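Here's the structure we're looking at; comments come further down.
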Amino acid sequence: MTEREVVIRLRGIRNQFGRQVVHEDLDLDVYRGEIIGVVGGSGTGKSVLLRTIAGLQKPAAGSVDVLGTDVLNADEDTRQKLENRWGVMFQDGALFSSLTVRENVEVPMRAITGLDPQIRSDLADLKISMVGLQYLAGDKYPSELSGGMRKRAGLARALALDPDIVFLDEPTAGLDPIGAAAFDELIRDLSHSLGLTVFLVTHDLDTLHATCDRIAVLAERKVLVTGSMADMLEVEHPWVHEYFHGPRARAAVPDKPMKGD
Amino acid sequence: MTHDGDSANFSLRLDGDTGTIHLSGALTIRTVTALRSKLSSVDAGTVRSIDLADVTRLDTAGAWALLDFQKDRSADLGSFTGASAEAESLLRTVENALPKREEPPQQDRSFRAWLDRFGRRVFSGVMFMRALTAYLGIFLHRLARAVRHPSEFKLTSLVHHCEEVGLKAVPIVALMAFLIGVVLAFQGSTQLRQFGAEVFVVDLIAISVLRELGILLTAIIVAGRTASAFTAAIGSMKMREEIDAMRTLGLDPGMNLFVPRILALLIMLPILGLIANIAGLFGGALMSWIDLGISPAMFTTRLVEGTAVSHVFVGLLKAPVFAMIIGVVGCHAGMQVQSNAESLGRMTSNAVVTAIFAVIVADAVFSIFFARIGI
């Protein structure tokens, strides 16, 4: 097997709020084309980790390297270029409420100089359709959409510039099981066909099972362990064991996968 | 694959003999505009296939442009050749996702449709008045109930709201009225001096402040401060389903939210009006003394002799009505908030506009009424 390209490299990350240390000496590698799911108990800083990589939260120590760029020390232009190569979907979509869905998806595209407005609008329609929304949803305002549709629209905006990496914060939280399963499938399909690297933070064991190639467990202020679902079932750590062997886990992972799968 | 270097360049070459378009370079969102225009200049009949062997980078925008071109030339155009596995997969994904255009429902522009919309507006206006009346009814009913069952009445809440809408509004109301008094004295003196009738400035200030401006401007300030606060407070409770929770716990929103707020306004607005009257007269007296040399003693004498006390009552009589309007409008708007933040903002500003407008309309009605009965 060839050496895989590392697209996100975290080394020695330390995040703290006041005296409360959330991450200490945290290391993590994310490889190109994989879907990595980050899990952890409440308050273990899953979203903080996502915000750190996306440059929304400055860590107290450590280095963040995304697509070969040092996020923390990059100058304005380099950062701008980098931001065009990743997309973030926030929990409730975080759509701009004064714009229609189509205009929301067009926002990142406005940074491209010389892009014809008609083409921009057509491309936005394409993205809206790719995330499984109806054509007419493009004319609607975020307040007129359901929670699941807002998440899809948020994903369409994150995908507007064909990023290399997308960050998803709790992609299935607040969706009904059918909507959540459809969203899992959407993430999987898009990741495969567009060659996306997906970094998702979730609580949802079904999502982990259905979409993720690799799982990273946050506990004790660092990434305790990474590996496939099968690897997780072997881990002895009490929290990890409880998480992947609890009653809800048994429902999500009906058959214990074969070793070496 | 470097990202920046090749991102701006692609080239298109048409092989006339085989009817093949050779594309090379990056077909991305950065080059899609140029790609589209070059493709559209290619003569339709000559093209047999498109060769993608030299394409270094293809994204959804490039794939879309290619598929769009292919769709237009339909039958005689073969498929793409030389596409890499990823490009193949991307083209397939985009092809499956190509949006089907649907026409949005057309807005009818005929006169009939206009009349229909106009009628609906009028009707919703009438329903709005009806809803406000209903809220006034709820308030009065719950107030009567509170008199019969004093234990259900929240005195702490009332005192709290009296402080919020009354005490905390004193500085701004007093300052506003003081400045109005100053302005009236100054403007009045310049006009009346032409006739040598400076002393009548006292009557001008007294009548206009006591009868109209004191209470009207106080009500407008209170409408801006308090109607918005009522709407925001009740609206955010409505948004977080607290109102529904209250109902399921057997707590009546009318009794617990509306009565203390509107009653607090009913008690405090006349008091604020009185404070405004005093501050207005004080400002007027001060300015008359400085500008016209009318001493405070003379101002007082003139005030007591020349101004009927009925002006004060005419002014203060309006206060409870204004209070009721502001309170009912604020509470009603709060209850109309839906579960999103935009509606909270919209209803809050609606409440302020409606309350101020209604106060001014009520003031005009009062003026006509008092003029007719000759007070």
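Each value in this text was obtained by applying a stated rule to the coordinates, not by laboratory testing. No experiment lies behind these values; they were computed from the predicted model shown. Cβ: placed from backbone, ideal geometry, glycine included. Neighbour counts: every protein chain shown.
Can you tell me the 0 to 90 degree angle between the C-alpha axis of helix A:177-194 and the longest principal axis of chain A, rounded to 10? Relative to chain A, helix A:177-194 is tipped by roughly 80 degrees. Here's how it looks for A:Ala61: its modeled amide H is under 5 Å from those of A:Arg14, which are all 5 or more places away or on a different chain.
What order do you get for A:73-85, B:227-239 when each peptide is scored by the mean count of other beta carbon atoms within 10 Å, highest first?
Details: A:73-85: 13.5, B:227-239: 22.7.
Most protected by this proxy first, the peptides run B:227-239, A:73-85.
Between A:Leu133 and any residue 5 or more places off or on another chain, the built amide H atoms are never under 5 Å apart. Within the same chain, aspartates and glutamates fewer than 8 places from B:Lys154 are excluded, and of the rest, those with a Cα less than 15 Å from its Cα are B:Glu163, B:Asp252.
Among the residues of A:113-126, the average count of other protein chain beta-carbon atoms within 10 Å of the residue beta-carbon is 5.
For the peptides B:358-370, A:137-149, what is the packing order when you average, over each peptide's residues, the other Cβ atoms within 10 Å and list the highest mean first?
Values: B:358-370: 15.0, A:137-149: 17.1.
Per-residue mean Cβ counts within 10 Å order the peptides as A:137-149, B:358-370.
For trypsin sites (Lys or Arg not before Pro), the sites in the stretch B:94-167 that DSSP calls loop and that have at most 13 other Cβ atoms within 10 Å are B:Lys100, B:Arg101, B:Arg109. Here the protein assembly as shown is described by how far its Cα atoms reach on the three principal axes: 107, 68, 50 Å, from widest to narrowest. Taking a ≥ b ≥ c as the square roots of the eigenvalues of the Cα gyration tensor, the stretch B:10-97 is rounded, since a/c falls below 1.5.
Residue by residue, the stretch A:53-58 carries 3J(HN,Hα) couplings of 5, 6, x, 8, 9, 8 Hz when phi is fed to the Karplus relation 6.51 cos²θ - 1.76 cosθ + 1.60 (θ = phi - 60°); x denotes Gly or Pro.
Taking Cα atoms only, the orientation of helix B:228-239 departs from the longest principal axis of chain B by about 50 degrees.
Under the rule of -39500 (n - 2.57) per DSSP H run of 4 or more residues, summed and divided by the residues of chain B, what mean residue ellipticity at 222 nm is obtained, to the nearest 500 deg cm²/dmol? Mind showing how you got there, number by number?
Numbers: 14 runs with 248 residues, N = 375.
Here the helix-only value at 222 nm equals -22500 deg cm²/dmol.
Computed from Cα positions, the angle between helix B:85-97 and the longest principal axis of chain B comes to roughly 50 degrees. Here are some pairs, A:Lys58/B:Lys238; A:Lys140/B:Lys71; A:Lys46/A:Lys140; A:Lys58/A:Lys81; which of them have Cα atoms lying more than 26 Å apart in this structure? Flagged as over cut-off: A:Lys58/B:Lys238; A:Lys140/B:Lys71; A:Lys46/A:Lys140. Estimated from helical segments only, the mean residue ellipticity of chain A at 222 nm is -10500 deg cm²/dmol, where each DSSP H run of four or more residues counts as -39500 (n - 2.57).
Count charges around A:Pro59 for me, please; just the other residues with Cβ under 14 Å from its Cβ, Lys/Arg as +1, Asp/Glu as -1.
Values: positive: A:Arg9, A:Arg11, A:Arg14, A:Arg51, A:Lys58, A:Arg221, A:Lys222; negative: A:Glu24, A:Asp25, A:Asp27, A:Asp65, A:Asp70.
Surrounding charge for A:Pro59 is +2.
Compute the Rg to Rh ratio over chain A from the alpha carbon atoms, using the Kirkwood formula for Rh, and round to two decimal places.
Numbers: Rg = 18.6 Å, Rh = 19.2 Å.
Expressed as Rg/Rh, it is 0.97.
The stretch B:77-145 and the stretch A:197-212 have Cα centres lying 33 Å from one another. Percent of Cα pairs in the stretch B:142-373 per distance bin of 10 Å, from zero to the largest separation: 8, 28, 29, 19, 10, 5, 1, 0. Electrostatic tally near B:Val365: other residues with Cβ closer than 12 Å to its Cβ, Lys and Arg +1, Asp and Glu -1, net +1.
Mean partner shielding of peptide B:29-35, defined as the number of other chain Cβ atoms within 10 Å of each residue Cβ, is 6.
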